[in-house]
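Chemist: Okay, here's the structure, questions in a sec.
The values are calculated or read from the model by the stated rules, or taken from the named source; none is laboratory data. Computed from a predicted model, the values in this text were never measured in an experiment. A quick note on method: Cβ atoms are made from the backbone with ideal geometry, for glycine too, and the neighbour counts reach across all protein chains shown.
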């Protein structure tokens, strides 16, 4: 499917910022698994591979051979009823896209804008949707179904006894066919919870328990996601920001715990931020009175959670060695 105008959102629930997604399912709409993972806009080989797709399809055939005896435990592969039946029913899409081709990321954007329109806080499960396993300190091999490459020392994953080489077979009671299946579990669980995982290690099965602390989702990088780009224009006037390198920080005398985000895209001369005095190359060193380190994603979330349309945020930028005080207006 190359457009999603009439996509059945009760069935096809997946990471809407992907450019390639696969559903492996039975003709009766029972989902065996999903395939398709993305962690940035550039290097897809770090996330997916033909080898992993092959393994996912083989695993789906294994589930199909046991069907329908395993139907009950596959129910969790299907999510709750959606807000609207199809993408073309979203108000923002009706006003801005329809009847043209609706893109996947516009569906995710529409869902986020629904909450902002109603002045309701955006749920963390939606804002930080489809977290990568890296967020829970597990790096998985893109060439395999769900094989652990690395575990962050001292992390909850290490305390759960995950080890490099482990193959995640079941996660939260669901059969795992791919990294996307791990993400499906993570995107649907509560903030603070414990998840059981069955792994295969040297031919032996081991059951592990991963304990997630409150706020674990906030480690997700959402800034790369196309579904957040419109939010950037709403919340930050369209500023595209990037972290300074360690060498640049050292040369400017800005410590690693301090804010240092550079505007790295040109600003239209008619844009509000240009008229407010912002320029490409400016380095944000103070935002809303704070100089504490923020990533671009954290800055966007900060505005989303704490500011309303029309609010003015004091900003200090560094430009050719000069500190300049500006104001950013939230749209």
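Chemist: Got a number for residues in the stretch 201-230 being over 14 Å from the mean Cα position of the chain (by Cα) and part of a helix (DSSP H, G or I)? Quick ask: steps written out before the conclusion?
Modeler: Our first condition is that a residue be over 14 Å from the mean Cα position of the chain (by Cα); within the stretch 201-230, this holds for 201-215, 230.
Now drop any that are not part of a helix (DSSP H, G or I), which leaves 230.
Final tally of qualifying residues: 1.
Chemist: Do we have residue 85 as outside any helix (DSSP H, G or I), in the same structural domain as residue 174 (by TED's automatic domain parsing) and surrounded by 13 or more Cβ atoms within 10 Å (Cβ to Cβ) here? Spell out the reasoning first.
Modeler: On the way: outside any helix (DSSP H, G or I): yes; in the same structural domain as residue 174 (by TED's automatic domain parsing): yes; surrounded by 13 or more Cβ atoms within 10 Å (Cβ to Cβ): yes.
Judged against the criteria, residue 85 is a match.
Chemist: In addition: Scan (1) touching a helix residue (DSSP H, G or I) at 6+ places or on another chain (Cβ under 7 Å); (2) surrounded by fewer than 20 Cβ atoms within 10 Å (Cβ to Cβ); (3) over 29 Å from residue 114 (Cα atoms) for the single condition residue 260 breaks and write down its number.
Modeler: Among (1) touching a helix residue (DSSP H, G or I) at 6+ places or on another chain (Cβ under 7 Å); (2) surrounded by fewer than 20 Cβ atoms within 10 Å (Cβ to Cβ); (3) over 29 Å from residue 114 (Cα atoms), the lone unmet condition for residue 260 is (2).
Chemist: Check the stretch 37-47 and report whether any residue there is free of Cβ contacts under 8 Å to residues at least 24 places away in the same chain and either over 15 Å from residue 224 (Cα atoms) or crowded, with 18+ Cβ neighbours inside 10 Å (or both).
Modeler: Yes, some residue in the stretch 37-47 is free of Cβ contacts under 8 Å to residues at least 24 places away in the same chain and either over 15 Å from residue 224 (Cα atoms) or crowded, with 18+ Cβ neighbours inside 10 Å (or both).
Chemist: Also: Scan the stretch 133-143 residue by residue and report those that are touching a strand residue (DSSP E or B) at 6+ places or on another chain (Cβ under 7 Å) and either in a loop (DSSP other than H, G, I, E, B) or at positive phi (or both).
Modeler: Of all residues in the stretch 133-143, those touching a strand residue (DSSP E or B) at 6+ places or on another chain (Cβ under 7 Å) come to 133, 136-141.
Correct list: 137, 141.
Chemist: Quick one: residue 96 ticks every box in (1) over 21 Å from residue 125 (Cα atoms); (2) surrounded by 17 or more Cβ atoms within 10 Å (Cβ to Cβ); (3) in contact with a helix residue (DSSP H, G or I) (Cβ under 9 Å, 6 or more places away or on another chain) except a single one, so which number is it?
Modeler: Every listed condition holds for residue 96 apart from (2).
Chemist: Kindly indicate which of 7, 74, 24 is surrounded by 12 or more Cβ atoms within 10 Å (Cβ to Cβ), assigned by TED's automatic domain parsing to the domain that holds residue 112 and assigned to a helix (DSSP H, G or I). Break it down stepwise before answering.
Modeler: On the way: 7 fails: assigned to a helix (DSSP H, G or I); 24 fails: assigned to a helix (DSSP H, G or I).
Only one candidate passes the filter, namely 74.
Chemist: Output the qualifying pairs, or none if there are none: Cβ atoms under 6 angstrom, residues six or more apart or on different chains, first residue in the stretch 1-17 and under 17 Å from residue 37 (Cα atoms), second residue in a loop (DSSP other than H, G, I, E, B).
Modeler: Between residues of the stretch 1-17 that are under 17 Å from residue 37 (Cα atoms) and residues that are in a loop (DSSP other than H, G, I, E, B), the close pairs are 13/79; 14/21; 15/130; 17/225.
Chemist: If you don't mind, another one. Evaluate the following for residue 158: is it under 19 Å from residue 196 (Cβ atoms), more than 21 Å from the chain's Cα centre (by Cα) and crowded, with 16+ Cβ neighbours inside 10 Å?
Modeler: Numbers: under 19 Å from residue 196 (Cβ atoms): yes; more than 21 Å from the chain's Cα centre (by Cα): yes; crowded, with 16+ Cβ neighbours inside 10 Å: no.
So residue 158 fails the test.
Chemist: Residue check: is residue 87 out of contact with any strand residue (DSSP E or B) (no Cβ under 9 Å at 6 or more places or on another chain) and more than 20 Å from residue 231 (Cβ to Cβ)? Explain how you work it out, then say what you get.
Modeler: Working: out of contact with any strand residue (DSSP E or B) (no Cβ under 9 Å at 6 or more places or on another chain): yes; more than 20 Å from residue 231 (Cβ to Cβ): no.
Spelling it out, it is not the case that residue 87 is out of contact with any strand residue (DSSP E or B) (no Cβ under 9 Å at 6 or more places or on another chain) and more than 20 Å from residue 231 (Cβ to Cβ).
Chemist: Here is a further query. Across the stretch 312-331, what is the number of residues that are surrounded by fewer than 16 Cβ atoms within 10 Å (Cβ to Cβ), on the phi < 0 side of the Ramachandran plot and at pLDDT 90 or above? Give the steps one after another, and end with the answer.
Modeler: Filtering the stretch 312-331 for residues surrounded by fewer than 16 Cβ atoms within 10 Å (Cβ to Cβ) gives 312, 314, 319-325, 327, 329, 331.
Remaining after also requiring on the phi < 0 side of the Ramachandran plot: 312, 314, 319, 322-325, 327, 329, 331.
Subset that is at pLDDT 90 or above: 312, 314, 319, 322-325, 327, 329.
Result for the stretch 312-331: 9.
Chemist: A follow-up question, please. Would you mention how many residues in the stretch 287-311 are surrounded by fewer than 18 Cβ atoms within 10 Å (Cβ to Cβ) and at pLDDT 95 or above?
Modeler: 6
Chemist: Another one. Criterion first (within 19 Å of residue 110 (Cα to Cα) and either within 24 Å of the chain's Cα centre (by Cα) or surrounded by fewer than 21 Cβ atoms within 10 Å (Cβ to Cβ) (or both)) does residue 14 satisfy it?
Modeler: Working: within 19 Å of residue 110 (Cα to Cα): yes; either within 24 Å of the chain's Cα centre (by Cα) or surrounded by fewer than 21 Cβ atoms within 10 Å (Cβ to Cβ) (or both): yes.
Answer is yes for this residue.
Chemist: (1) at negative phi; (2) in contact with a helix residue (DSSP H, G or I) (Cβ under 7 Å, 6 or more places away or on another chain); (3) at pLDDT 95 or above: which one isn't true of residue 36, the others all being true?
Modeler: Single failed check for residue 36: (1).
Chemist: Spot the failing condition for residue 130; the list is (1) touching a strand residue (DSSP E or B) at 6+ places or on another chain (Cβ under 7 Å); (2) under 27 Å from residue 73 (Cβ atoms); (3) at pLDDT 90 or above, and only one is missed.
Modeler: (1)
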